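The values are calculated or read from the model by the stated rules, or taken from the named source; none is laboratory data. The structure displayed is predicted, hence computed values, not measured ones. Here the Cβ positions follow ideal geometry from the backbone for every residue, glycine too, while neighbour counts run over all protein chains shown. Accessible surface areas use protein heavy atoms only, side chains included; no ligands, DNA or RNA. Shrake-Rupley method; radii C 1.70, N 1.55, O 1.52, S 1.80 Å.
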Amino acid sequence: MNDVRVDGGHEDGRSGTGRSRIAVAGASGLIGGALARSLTADGHEVVRLVRHAPGGPHEVRWDPENGRVDAAGLDGCDAVVNLAGAGVGDRRWTDAYKTRIRSSRVHGTTALAEAVAAMERPPRVFVNGSAIGFYGETGDRPVDESAPAGEGFLPGLCVEWEAAAAPAREAGVRTVLVRTGLVVARGGGAWGRLFPLFRAGLGGKLGDGSQYWSFVALHDEVAAIRHLLHREDLSGPFNLTAPQPVTNRAVTVAMGRVLHRPAPFAVPAPVLRAVLGEMAGDVLGSARVLPARLLESGFRFAFPEIDGAIRAAL
């Protein structure tokens, strides 16, 4: 279920009100690609922000690291969605790569927010990506959008990332910050690496497995973003996580159960730290994050439990 189609007119807020023009930054990524396919399937016009020379009217040139965007190409867009950024889990966190992670998110968001704010006919809504890394380590304590930012590289990054969207909000554009959890999908992210290991019978818990993983099915991630695009009364931060976060140990058991593979292995914390460096703290850290505002808005998850989210990704 890597290709996600979200039809219009449902009670979760998906738009059935006609054709919209929506700009998507990060449309080549896991979430942005799924969102673009879903919108296109329902007849909306998707404008992709690209780093190369535009190949047609549905592409707009931008350079997120250097904070540049062809603002004229956004004219007539009903919404701008920014899901771009260098992958947090793509490689070891050297100082140079941490700088790249930050610049790709903060500078890119600033460029888009300022472009939106300066438009004569701005979009109705600006949706900006963020992450549950905002909360840092929460242990077994559940947190929702009312919780403050945590401490460390990822929380600091998320605070800057979200603050960079301020020009759009201050210009009167409805601004939504989507704090995404661990997306359950075969095509990328943490689960993109887990599926091959578990299929080969090499899966297992990370560390002692007691850390909470706040997951979300790719289908629900896309549906939630569309819900937030459509609902004109919603703004500010929203946690895009399933309502039932589970421990890494429970994820390991569920993966073995759904894939019918044993999961006997465990990767000790010292080994993870040796291999991953500073990023190991994110893998071993616990974030028990709840989607309070999303649920209050009436959104309904198709896959609220881990087993269903895993099956939806197969």
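Residue 101 meets the conditions (1) assigned to a loop (DSSP other than H, G, I, E, B); (2) in contact with a Gly (Cβ under 9 Å, 6 or more places away or on another chain); (3) open to solvent by less than 30 Å² (accessible area, probe 1.4 Å) in every case but one. The failed one is (1).
State which residue is surrounded by the fewest Cβ atoms within 10 Å (Cβ to Cβ) when the search covers only the stretch 244-295 and only residues that are in a strand (DSSP E or B) and at pLDDT 70 or above.
From the stretch 244-295, those in a strand (DSSP E or B) are 246-247, 265-267, 289; that's our starting set.
From the residues that got through so far, the ones that are at pLDDT 70 or above too are 246-247, 265-266, 289.
Details: 246: 20, 247: 19, 265: 13, 266: 15, 289: 29.
Residue satisfying both the conditions and the ranking: 265.
Considering only residues of the stretch 104-131 that are in a helix (DSSP H, G or I) and charged (D, E, K, R), which is farthest from residue 167 (Cα to Cα)?
Let us first name the residues in the stretch 104-131 that are in a helix (DSSP H, G or I), namely 104-118.
Retained after the next criterion (residues that are charged (D, E, K, R)): 105, 114.
On the way: 105: 15, 114: 6 Å.
Applying the filter and picking the extreme gives 105.
Among all positions in the stretch 89-97, there is no residue which is closer than 27 Å to residue 183 by Cα and in contact with a Pro (Cβ under 7 Å, 6 or more places away or on another chain). Can you spot a residue in the stretch 115-135 that is among the hydroxyl-bearing types (Ser, Thr, Tyr) and more than 16 Å from the chain's Cα centre (by Cα)? No, there is no match, as no residue in the stretch 115-135 is among the hydroxyl-bearing types (Ser, Thr, Tyr) and more than 16 Å from the chain's Cα centre (by Cα). Scan the stretch 74-86 and give yes if some residue there is outside any helix (DSSP H, G or I), in contact with a helix residue (DSSP H, G or I) (Cβ under 8 Å, 6 or more places away or on another chain) and free of Cβ contacts under 8 Å to residues at least 24 places away in the same chain, otherwise no. Yes, that holds for at least one residue.
Just wondering, is there one or more residues in the stretch 86-97 that are modelled with pLDDT of 80 or more and more than 18 Å from the chain's Cα centre (by Cα)?
Scanning the stretch 86-97, I find at least one residue that is modelled with pLDDT of 80 or more and more than 18 Å from the chain's Cα centre (by Cα), so the answer is yes.
Could you list, in sequence order, the residues of the stretch 42-86 that are surrounded by fewer than 14 Cβ atoms within 10 Å (Cβ to Cβ) and within 21 Å of residue 224 (Cβ to Cβ)? Scanning the stretch 42-86 gives a single hit, 43. Could you pull out every one of the helices (runs of 4 or more DSSP H) wholly within the stretch 132-243 that has 1 or more residues that are open to solvent by less than 10 Å² (accessible area, probe 1.4 Å) and closer than 21 Å to residue 80 by Cβ? Because the criterion is at least 1 residues that are open to solvent by less than 10 Å² (accessible area, probe 1.4 Å) and closer than 21 Å to residue 80 by Cβ, the helices (runs of 4 or more DSSP H) in the stretch 132-243 that meet it are 153-163, 166-170, 218-230.
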